[in-house]
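Written below as structure tokens is the structure these notes are about.
The values are calculated or read from the model by the stated rules, or taken from the named source; none is laboratory data. Note that the structure is a prediction, hence the values are computed from the model and not measured. Cβ placement follows ideal geometry from the backbone for every residue including glycine, while neighbour counts extend to all protein chains displayed. Accessible surface is based on the protein model in full, side chains and every heavy atom, while ligands, DNA and RNA are left aside. Shrake-Rupley method; radii C 1.70, N 1.55, O 1.52, S 1.80 Å.
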Amino acid sequence: PAPRPHLIFHNAAFDIPVLLRAHPPLRSALFRAVDEGRVHDTKIMEPLIQIAVGSSAVSQKALVLSPSLAKLAAARAGLQLEKDDAIRLTFERYLDPRAHIPADHLRYALSDAVATYLVYKSQVAEANALVASCDSRFPIYPAATARYGLLSETIQVKGSLAFAWLEQFPLRVDTAQAVRLRDRLEAESATFEAALIYFGWAKRGPRSGKFKLQFKKLRAILKNYAAEQDPPIIPEFSE
């Protein structure tokens, strides 16, 4: 069978949802590519390379940064990208397949695609060299690259997509359930405090009514228990 294509993005967690909104039938093909480790991300790979190189070769200020595609294109491919917002942010106007896409937009998309591909080629070459020369003091799973991607890129891409998906569902608190839980815990706490007071292990202040544990009595109980063990346990308590 013919090899399946690999897809290269700069910020797949942003681009893939955009593609799916524009053309939902891509869903199964894109998800299969993600699952099979055929989706790559220059935005993710760059900090992974920095981590692999280590802070001894990269300044702490630069460590674990995700440079823009424009900066990566200049540094890794010698390309100068023009990030014109008037073009970059207006592609949605042409979602209709019948719409005419202006030449400026096509050139912008082409230059971004070429830059992303060349940047990733450079990143992969460096990452492979790092893996080949790796002298880690930690054990590395023999098939780590096959399972998790080069420098763990595959699993990082999946994680970034998962977080992007979760951001669509803000956390909500079930206030009714929270009130029921609070009331139950308060009742259990009151019962437990009453039992401790009944057995003389705690008391309430005569004026404040504040609950206080009788630590000396608890310590005596623990000492007696420890002395009865075989062999005896001799705890040390600071007075």
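Please give the number of the condition S152 fails out of (1) farther than 30 Å from L7 by Cα; (2) open to solvent by less than 70 Å² (accessible area, probe 1.4 Å); (3) among the polar types (S, T, N, Q).
Of the numbered conditions (1) farther than 30 Å from L7 by Cα; (2) open to solvent by less than 70 Å² (accessible area, probe 1.4 Å); (3) among the polar types (S, T, N, Q), the odd one out for S152 is (1).
Somewhere in segment 122-135, is a residue open to solvent by 100 Å² or more (accessible area, probe 1.4 Å), within 18 Å of Q50 (Cα to Cα) and assigned to a loop (DSSP other than H, G, I, E, B)?
Yes - at least one qualifying residue is present in segment 122-135.
Are any residues in segment 1-52 more than 14 Å from T154 (Cβ to Cβ) and touching a strand residue (DSSP E or B) at 6+ places or on another chain (Cβ under 6 Å), and if so, which ones?
Result: D15, single match.
When you scan segment 12-52, how many residues do you find that are open to solvent by 60 Å² or more (accessible area, probe 1.4 Å) and either among the aromatic types (F, W, Y) or closer than 19 Å to R147 by Cβ (or both)?
Going through segment 12-52 one residue at a time, the tally reaches 6.
Pairs under 6 Å by beta carbon, first residue within 20 Å of R204 (Cα to Cα) and free of Cβ contacts under 8 Å to residues at least 24 places away in the same chain in segment 175-193, partner surrounded by 11 or more Cβ atoms within 10 Å (Cβ to Cβ) and among the aliphatic types (A, V, I, L, M), six or more apart or different chains?
Hits for this filter: zero, empty list.
Find all pairs meeting these conditions: Cβ atoms under 7 angstrom apart; at least six residues apart or on different chains; first residue within segment 101-115 and outside any helix (DSSP H, G or I); second residue open to solvent by less than 60 Å² (accessible area, probe 1.4 Å).
So the pair list comes out as I101/Y94.
Can you tell me which of (1) open to solvent by 60 Å² or more (accessible area, probe 1.4 Å); (2) assigned to a loop (DSSP other than H, G, I, E, B) is the one L81 doesn't meet?
All conditions are met except number (1).
Can you pull out the residues in segment 83-100 that are without any contact (Cβ under 8 Å) to a residue 60 or more places away in the chain, over 28 Å from P67 (Cβ atoms) and not basic (K, R)?
Scanning segment 83-100 gives Y94, D96, P97, A99, H100.
Which is more than 30 Å from E82 (Cα to Cα) and at pLDDT below 90, of R172, R182?
Result of the check over R172, R182: R172.
Using the structure shown, decide if L222 is outside any loop (DSSP other than H, G, I, E, B) and at pLDDT 80 or above.
no
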